[in-house]
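Here is the structure we will look at, set down as structure tokens.
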Number of protein chains: 2
Amino acid sequence: MSKLYGGIEGGGTKFVCAVGSGPQDIRAEIRIPTTTPEETLGRAIAFFRGQEKLAALGVACFGPLDPNLASPAFGQILATPKAGWTGADVAGALRSALNLPVAFDTDVNGAALAEARWGAGQGCDPVLYLTVGTGIGGGALVNGKLLHGLLHPEMGHIPLPRDPARDPFPGICPFHEDCFEGLAAGPALERRWGQKAENLPPEHPAWKLEAEYIALALSSYILTLAPQKIILGGGVGSAPHLLPLVRRSVQGWLNGYVQSPLVTQSIENYIVLPALGSRAGVLGALALAAHR
Amino acid sequence: MSKLYGGIEGGGTKFVCAVGSGPQDIRAEIRIPTTTPEETLGRAIAFFRGQEKLAALGVACFGPLDPNLASPAFGQILATPKAGWTGADVAGALRSALNLPVAFDTDVNGAALAEARWGAGQGCDPVLYLTVGTGIGGGALVNGKLLHGLLHPEMGHIPLPRDPARDPFPGICPFHEDCFEGLAAGPALERRWGQKAENLPPEHPAWKLEAEYIALALSSYILTLAPQKIILGGGVGSAPHLLPLVRRSVQGWLNGYVQSPLVTQSIENYIVLPALGSRAGVLGALALAAHR
């Protein structure tokens, strides 16, 4: 790949903008605090104007958003608690200012694409990328393309079983209370145990419960999407002591029903950490530009 | 479409074999009881040998099975409680006897494809087809192709929340007890309420509970797969008094989180009955042949 692309990882606290052609070739990068759309996008535009000629721009952004090219709202952020961003036409503003084709998708779809192209998901399809951190979100590459349709997946909000005798914590999702995110994202851990996830020691019972909720969700995704690779990222999800517990719990829950040796025998090659680590976001944006 | 195709809907009690080019053009059809693979496939082969020249054969079959062309076990039934069928090389036997290209997939993936091509899913992607009957299974067309990867989806077995105070029935799935199928397939209804689903009157409380489990599962699929159309079939799932309850319960559970008017305003166009009715199976097999 020799063409140069621009990529924006649009997050709730910062926008990371980069120019390059892939993981081994990032030529410029800046971080911009996320303030108003005008200011944040204005600074991004100024950065890209100062770069070499780009073939396209990819934006891997926080949501909810409209990723469907055929939709009148394509490129916009939908109703969001993030002040000032509801209805912001992110892709439109960048396209008209920079006169470039703009690919626009969720941050997690971008990460799934980057991992499928350059990371842990190479040669696999479907590839599922799940992040468990401040929130929980999932993206997937299916049949060679990113997964959307009715907007985009919101995998963090699936219903999960909770045994109140074992876990009386009622969940904190403002929409669904004890959905996956309401039970297992970082803020839920902090509320349930009275301390931040990163301060909970590996032997704390929090981690076994957390692994079980993640495993229930992964089992649901496996049964629904049939992914050939699952990549588990995010500040909570990529805690190294968590992964073996998650794998064992997935095997326990599926209980031999999915007759694939990847689940029953070599699950350490099936549910894995991101190969691109914290670079998955901005590389996802570049991959979106190259893949569009 | 003018080419002639053969289709086999392979079920646990009967195999339906047909020759045609689409829903308006079925030229021959027979039903064969499912006995041993040798006998059943032998009779199917004899039927197709007596037909005009076919371009390809499609098989939409009960599972679990291996639908991945690149796999050494492609075309085979995997471990199944159906006596004599474990390891049966269905596609291989048909291909070598009939000297035809053979497409091979699950019955529900076939139905999803037929509905996407000729039925309720036209113009939509992803299309999700769910059958709730003796068992529960789902198939999907995603990015223009059927969904598989790690074998094929087994959507009937996802974990769901169950409130033991409301529903003390522990579920009957031999692998997962109170997974979706263990709680909501026909045999679970019969065991819980002491009578067959078809004998439960529309005002029986069984239906509200059933609608809630189906709605929880559909909500999970919506959040994971982002389908643009959901087709609900099967002997239990297509009961007409059930559908409005399911739709309302999906809206209730999602609670405005998925910001699509298809969910919030016109869900009667989103979650629908099969347009092809009981023909979806054999038409699915023809569609597999044409789509391969």
Among A:Gly84, A:Gly139, the single one that is among the small types (Gly, Ala, Ser), within 17 Å of A:Phe15 (Cα to Cα) and not in a helix (DSSP H, G or I) is A:Gly84
Of the residues in region B:44-63, those that are part of a helix (DSSP H, G or I) and over 21 Å from B:Thr106 (Cα atoms) come to B:Ala46, B:Phe47, B:Arg49
Condition set away from every other protein chain (no Cβ under 11 Å) and of a type in the set (D, E, K, R), scope region B:39-85, selection nearest to the chain's Cα centre (by Cα): answer is B:Lys82
Among A:Ile231, A:Ile214, A:Ile222, the single one that is within 10 Å of another protein chain (Cβ to nearest Cβ), of a type in the set (Val, Ile, Thr) and open to solvent by less than 60 Å² (accessible area, probe 1.4 Å) is A:Ile222
Screening A:Gly156, A:Gly171, A:Gly252 for residues that are open to solvent by 40 Å² or more (accessible area, probe 1.4 Å) and modelled with pLDDT of 95 or more leaves only A:Gly252
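To keep it simple, each residue is scored yes or no on (1) modelled with pLDDT under 95; (2) open to solvent by less than 30 Å² (accessible area, probe 1.4 Å); (3) in contact with a Gly (Cβ under 6 Å, 6 or more places away or on another chain).
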| residue | (1), (2), (3) |
| --- | --- |
| A:Gly22 | yes, yes, no |
| A:Ala28 | no, yes, no |
| A:Pro33 | no, no, no |
| A:Thr40 | no, yes, no |
| A:Ala44 | no, yes, no |
| A:Phe48 | no, yes, yes |
| A:Leu57 | no, yes, yes |
Of the residues in region A:124-155, those that are among the charged types (D, E, K, R) and under 15 Å from the mean Cα position of the chain (by Cα) come to A:Glu154
Residues of region A:217-233 being under 16 Å from B:Leu218 (Cα atoms) and in contact (Cβ under 8 Å) with a residue 60 or more places away in the chain, in sequence order, are A:Ala217, A:Ser220, A:Tyr221, A:Leu225
Per the list (1) in a loop (DSSP other than H, G, I, E, B); (2) in the same structural domain as A:Gly233 (by TED's automatic domain parsing); (3) touching a helix residue (DSSP H, G or I) at 6+ places or on another chain (Cβ under 9 Å), residue check on A:Pro164 breaks on (3)
Matching residues in region A:174-206 (open to solvent by 10 Å² or more (accessible area, probe 1.4 Å), closer than 27 Å to B:Pro227 by Cα and part of a loop (DSSP other than H, G, I, E, B)) number 4
Within region B:220-236, residues within 24 Å of A:Met155 (Cβ to Cβ) and of a type outside the set (A, V, I, L, M, F, W, C) come out as B:Ser220, B:Tyr221, B:Thr224, B:Pro227, B:Gln228, B:Lys229
Counting only residues that are free of Cβ contacts under 8 Å to residues at least 40 places away in the same chain and in a strand (DSSP E or B), region A:1-16 contains a total of 2
Checked pairs for region A:84-104, first surrounded by fewer than 22 Cβ atoms within 10 Å (Cβ to Cβ), second polar (S, T, N, Q) and at pLDDT below 95, C-beta under 6 Å and 6 or more apart or across chains, list as A:Thr86/A:Thr80
For region A:142-170, pairs from a residue that is free of Cβ contacts under 8 Å to residues at least 40 places away in the same chain to a residue that is of a type in the set (Lys, Arg) and not in a strand (DSSP E or B), with Cβ under 9 Å and 6 or more apart or across chains, are A:Phe169/A:Arg162; A:Phe169/A:Arg191; A:Phe169/A:Arg192; A:Pro170/A:Arg162
A careful count of residues in region A:156-167 that are more than 18 Å from the chain's Cα centre (by Cα), of a type outside the set (Lys, Arg) and more than 7 Å from chain B (Cβ to nearest Cβ) gives 4
Pairs returned, first residue in region A:266-277 that is within 13 Å of A:Gln228 (Cα to Cα) and in contact (Cβ under 8 Å) with a residue 24 or more places away in the chain, second residue that is part of a strand (DSSP E or B) and of a type in the set (A, V, I, L, M, F, W, C), beta-carbon separation under 9 angstrom, 6 or more apart or interchain, are A:Tyr270/A:Ile230; A:Ile271/A:Ile230; A:Ile271/A:Ile231; A:Ile271/A:Leu232; A:Val272/A:Ile230; A:Val272/A:Ile231; A:Val272/A:Leu232
* To do: Taking B:Thr264 as the residue in question, decide whether it is open to solvent by 40 Å² or more (accessible area, probe 1.4 Å) and among the β-branched types (Val, Ile, Thr).
  => yes
Sole miss for B:Val236 among (1) touching a residue at least 24 places away in the same chain (Cβ under 8 Å); (2) within 14 Å of another protein chain (Cβ to nearest Cβ); (3) buried (at least 24 other Cβ atoms within 10 Å of the Cβ); (4) of a type outside the set (Asp, Glu) is condition (2)
Among the residues of region A:142-158, the number that are out of contact with any Asp or Glu (no Cβ under 8 Å at 6 or more places or on another chain) and not in a strand (DSSP E or B) is 6
Considering residues that are in contact with a helix residue (DSSP H, G or I) (Cβ under 9 Å, 6 or more places away or on another chain) and of a type outside the set (A, V, I, L, M), the number found within region B:67-86 is 6
The residue that is surrounded by the most Cβ atoms within 10 Å (Cβ to Cβ), considering only those in region B:127-148 that are within 7 Å of another protein chain (Cβ to nearest Cβ) and either in contact with a Ser or Thr (Cβ under 8 Å, 6 or more places away or on another chain) or on the phi < 0 side of the Ramachandran plot (or both), is B:Leu147
Filtering region B:105-126 down to residues that are surrounded by fewer than 24 Cβ atoms within 10 Å (Cβ to Cβ) and away from chain A (no Cβ under 14 Å) yields B:Arg117, B:Trp118, B:Ala120, B:Gln122
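The values are calculated or read from the model by the stated rules, or taken from the named source; none is laboratory data. All values reported here derive from a predicted model rather than from experimental measurement. Please note: Cβ atoms are built from the backbone with ideal geometry, for glycine as well, and neighbour counts cover all protein chains shown. Keep in mind that these areas ignore ligands, DNA and RNA; they rest on the heavy atoms of the full protein, side chains included. Shrake-Rupley method; radii C 1.70, N 1.55, O 1.52, S 1.80 Å.
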